[in-house]
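The values are calculated or read from the model by the stated rules, or taken from the named source; none is laboratory data. Predicted model only: the values in this text are computed from it and were never measured. Cβ placement follows ideal geometry from the backbone for every residue including glycine, while neighbour counts extend to all protein chains displayed. The accessibility values were calculated without ligands, DNA or RNA, using every heavy atom of the protein model including side chains. Shrake-Rupley method; radii C 1.70, N 1.55, O 1.52, S 1.80 Å.
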Amino acid sequence: MNSPLKLKGKGISRIINSRVIQSPLAGVTDHIFRRYVRRWAPNSLLFTEMVNASSLNLGYGLQKVNQLKNEDGPVGIQLFDNNLYSIREAALESEDSGAYIIDINMGCPVKKIAKKGGGSALINNPKLAVNIVKIISKAVRIPVSVKTRIGWSNEDKNIEDFLLRLQDAGANMITIHGRSREQGFSGSANWEIIGELKEKLDIPIIANGDICNGRDAIECLKITKADGVMIGRGVLGAPWIIGEIDSVLNGCKNFNIPNVEDKLNLLIEHIDDLVEEKGNHGLLIARKHISWTCKDFCGAKELRNRLVRANTSKEVKELLLNKIDFLKNNNYSQNQLR
Ligand SMILES: Cc1cc2nc3c(=O)[nH]c(=O)nc-3n(C[C@H](O)[C@H](O)[C@H](O)COP(=O)(O)O)c2cc1C
């Protein structure tokens, strides 16, 4: 079930020994978070957050590209822009810094991005979308991919033509989120449409949307016949999920899912990393991870409420360590903890 993913680039091809990919998630998949995902997923392709190519050329966000130099496994960068010059320069810079592949965002529904002609707006501007793929694939040697949706609206009849044109322009892989731009994140992902589109295309197709565990991944691969799956929201509060799904696809039955104590220790470690690198801002970022982690166990809500009100990382750590002690002293078994 888990054959390698082969991506053909113009000069350099990539073989990835996992069909499970971690999606680009703005505000989440920074280099610190990716380090945690990597612990359980040594072979998987992980993505950066989306990076604005124009601001990169102005010098902003350069650290996101430089961080690619220190990754322990395959990491692709996702770029967005509607400016051909900027996106080409950003792609070259990313390739030089060690990006495993370059992905172009053609699916983001956020108004701020679509209004400027980037992200999902490119679905309605195939000419520009094609030119972006062409100019990048001509410039870099590594594979170039696109992440998009099943259309602007659910009635969009042009998506097949759009994807074929991107393939002809040089895209080496396409990820399809099974929702339309109009749907945003509502409703459910349509895996059947992804399967119909997969049949028409020759390059690797990655299915995305509503895949949260190994069972979903198996079902989605059965329906879509896709070459791989991409996991987005499933990693929030669960950085091991990419590795867990990968091990399910490999037929392995004894993946060690972290228990609550492990999860809380992991959160402490993550907060330490964030605060060490970003100071007080790190604590603000940590709040999101606290909310995603502190759920589905006894006393989680109360702990979460106290943690997000804490003003210093010392306070946060004390609360977490107290909870871990409480769980230990009360002899909670692994099952009770989950
Ligand atoms: C917090 C958050 C940030 C996201 N950021 C990006 C992004 O930077 N680039 C992108 O292509 N998609 C982004 N997405 C969309 C996801 O990558 C993914 O396509 C979508 O969540 C559907 O997959 P899922 O059901 O596995 O979450 C984001 C989604 C969320 C929830």
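Note the per residue figure in Å³ for the convex hull of the C-alpha positions in segment 178-303.
Hull volume normalised by residue count: 155 Å³.
How large is the dipole of the chain about the Cα centre if only Lys and Arg carry +1 and Asp and Glu carry -1, each at its Cβ, rounded to the nearest 20 debye?
The dipole magnitude comes to about 320 debye.
What is the distance, in nm, between label points placed 7 Å from the Cα along the Cα-to-Cβ direction at Lys6 and at Glu219?
Using points 7 Å along Cα→Cβ, the separation is 3.2 nm.
Report the Cα-based extents of segment 260-337 along its three principal axes, largest first, to the nearest Å.
Rounded to whole Å, the extents work out to 36, 18, 17 Å.
Can you give me the long-range amide H partners of Arg179? Hydrogens built in the peptide plane at 1.01 Å from N, cutoff under 5 Å, separation of 5 or more residues or another chain.
Hits under the 5 Å cutoff: Ile150, Asn190.
At 1.4 Å probe size, with every protein chain present, just tell me what the per residue accessible area of segment 5-249 comes to in Å².
40 Å²
Once phi is turned into ³J(HN,Hα) by the Karplus curve 6.51 cos²θ - 1.76 cosθ + 1.60 with θ = phi - 60°, what whole-Hz value does each residue of segment 13-21 show in order, with x for glycine and proline?
Calculated HN-Hα couplings, in order: 9, 10, 10, 10, 7, 6, 9, 10, 10 Hz.
Given 0.36 nm per residue, what is the gain on full extension from Tyr60 to Glu182 after removing their alpha carbon distance, in nm?
Contour length minus Cα-Cα distance gives 40.9 nm.
I need the phi-derived Karplus couplings for segment 232-245: 6.51 cos²θ - 1.76 cosθ + 1.60, θ = phi - 60°, integer Hz, Gly and Pro marked x.
Each residue's phi maps through the Karplus curve to give x, 4, x, 7, 5, x, 9, x, 7, 5, 4, x, 5, 5 Hz.
Taking the Cα-to-Cβ direction at Lys288 and at Asp272 and moving 7 Å from each Cα, how far apart do the two end points lie in nm?
2.3 nm
Take peptides 137-150, 48-61, 182-195 and line them up by average Cβ neighbours within 10 Å, highest first, as a rough protection proxy.
137-150, 48-61, 182-195
Could you tell me how many degrees, from 0 to 90 and to the nearest 10, lie between the Cα long axis of helix 300-309 and the main elongation axis, the longest principal axis, of the Cα atoms of the chain?
Roughly 80 degrees between the two axes.
Along the charge dipole of segment 6-50, Cβ charges K/R +1 and D/E -1, which of Ile12, Val28, Trp40 sits furthest on the positive end?
Value: Ile12.
Could you check how much of the accessible area of the chain is carbon and sulfur, as a whole percent, using a 1.4 Å probe?
Carbon and sulfur: 46 percent of the exposed surface of the chain.
Cα axis of helix 313-329 to longest principal axis of the chain: angle in degrees, 0 to 90, nearest 10?
Between helix and principal axis, roughly 60 degrees.
Find the Cα radius of gyration of the chain, compare it with 2.2 N^0.38 Å by division, and give the number to two decimals.
The chain yields a ratio of 1.01.
Of Lys112/Lys200; Lys69/Lys127; Lys288/Lys323; Lys147/Lys314; Lys8/Lys263; Lys222/Lys288, which sit over 28 Å apart, Cα to Cα?
Result: Lys112/Lys200; Lys69/Lys127; Lys147/Lys314; Lys8/Lys263; Lys222/Lys288 exceed 28 Å.
List the aspartates and glutamates whose Cα sits under 18 Å from the Cα of Lys253, skipping any in the same chain fewer than 8 residues away.
List returned: Asp216, Glu219, Glu244.
Between Asn329 and Lys301, what is the label-to-label distance in nm when each label sits 7 Å out along the Cα-to-Cβ direction?
Between Asn329 and Lys301, the simple spin-label model gives 2.5 nm.
How high is the FRET efficiency from Glu196 to Asn125, r the C-beta distance, R0 25 Å, rounded to 0.05?
With R0 = 25 Å, the Cβ-Cβ based efficiency is 0.60.
To the nearest 10 degrees, how steeply does helix 126-139 sit against the main Cα axis of the chain, on a 0 to 90 scale?
That works out to roughly 80 degrees.
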